[in-house]
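Chemist: Handing you a structure now.
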Amino acid sequence: MKRILLVSDNHMDNDILFDVYNQHCANVDYCIHCGDSMMDYAMMHSFFLCVRGNNDDFDYPLEKIITIENRKILIIHGTRLADYAKQTRLIAYARNKGVDTVFYGHTHIPALVNNGNMVLINPGSLRYNRDGSPRSYCIVTIDGSTITPQFFTIE
């Protein structure tokens, strides 16, 4: 069993990012940032597996594919792929990459999509959520092929 701290879109709010990191880092196996940290990659890379968001100017990778337990995971910001309602383009892109799980950001809306053979998780934004919900992040537990997200809000 592995636990993952999943965050996205803090848009240079370093305080909230590292408050969340410090609260959970001792109890997780991975810390993943889905883009738009707008922070120096060398510093961010010391704490998080991270990808480039549409507002990141540093030399982040556009996406990463990793395997945790029995899940093949695409980490991507989602620019031009993530929709606010349906995730059909993102699902098609992920299938083409041969993954069964996607961690993404960009929309600033927490989401869980499980269509049977593909799971998409967006932790929402640490800065602000566009749907009016509180700022959010996620702890994802992977146990074999089972994936369980737990969303947390920040008031």
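Read-outs: derived from the displayed coordinates by stated rules, not from any lab. Quick caveat, the model's predicted, so the values are computed rather than measured. Because the Cβ atoms are built from the backbone with ideal geometry, glycine has one as well, and the counts that use them run over all protein chains shown.
Chemist: If the only charges are +1 at each Lys and Arg Cβ and -1 at each Asp and Glu Cβ, what is the size of the charge dipole of region 1-44 around the Cα centre, to the nearest 20 debye?
Modeler: 300 debye
Chemist: Among DSSP beta bridges lying fully in region 2-154, give the percent that are antiparallel, nearest 5.
Modeler: For region 2-154, the DSSP antiparallel bridge percentage is about 65.
Chemist: Please report PHE18, PHE103 as a ranked list, fewest other C-beta atoms within 10 angstrom at the top and most at the bottom.
Modeler: PHE18, PHE103
Chemist: Okay, next question. What's the FRET efficiency of SER46 with MET12 using the Cβ-Cβ distance as r and R₀ = 25 Å, to the nearest 0.05?
Modeler: 0.90
Chemist: What does the charge count around TYR60 come to, taking other residues whose C-beta lies under 12 Å from its C-beta (Lys +1, Arg +1, Asp -1, Glu -1)?
Modeler: -4
Chemist: Give me the count of lysine pairs in region 1-149 whose alpha carbons sit under 16 angstrom apart, restricted to pairs 8 or more positions apart or on different chains.
Modeler: The number of close lysine pairs in region 1-149 is 4.
Chemist: Which of HIS77, HIS11 has the fewest other C-beta atoms within 10 Å, and how do the rest follow up to the most?
Modeler: HIS11, HIS77
Chemist: Further question: Once every Cα of region 83-154 carries one equal point scatterer and solvent is ignored, give the base-10 log of I(q)/I(0) from the Debye formula at q = 0.11, 0.12 Å⁻¹, two decimals.
Modeler: -0.27, -0.32
Chemist: Moving on. What FRET efficiency comes out for the pair ASN27/ASP100, r = Cβ-Cβ distance, R0 = 30 Å, nearest 0.05?
Modeler: Approximately 0.75, to the nearest 0.05.
Chemist: With +1 on the Cβ of every Lys and Arg and -1 on the Cβ of every Asp and Glu, and nothing else charged, how large is the dipole of the chain about its Cα centre, in debye rounded to the nearest 20?
Modeler: Dipole of the chain, to the nearest 20 debye: 640 debye.
Chemist: Oh, and also: Rg to Rh ratio, the chain, alpha-carbon atoms and Kirkwood radius?
Modeler: Using Cα coordinates only, the ratio equals 0.92.
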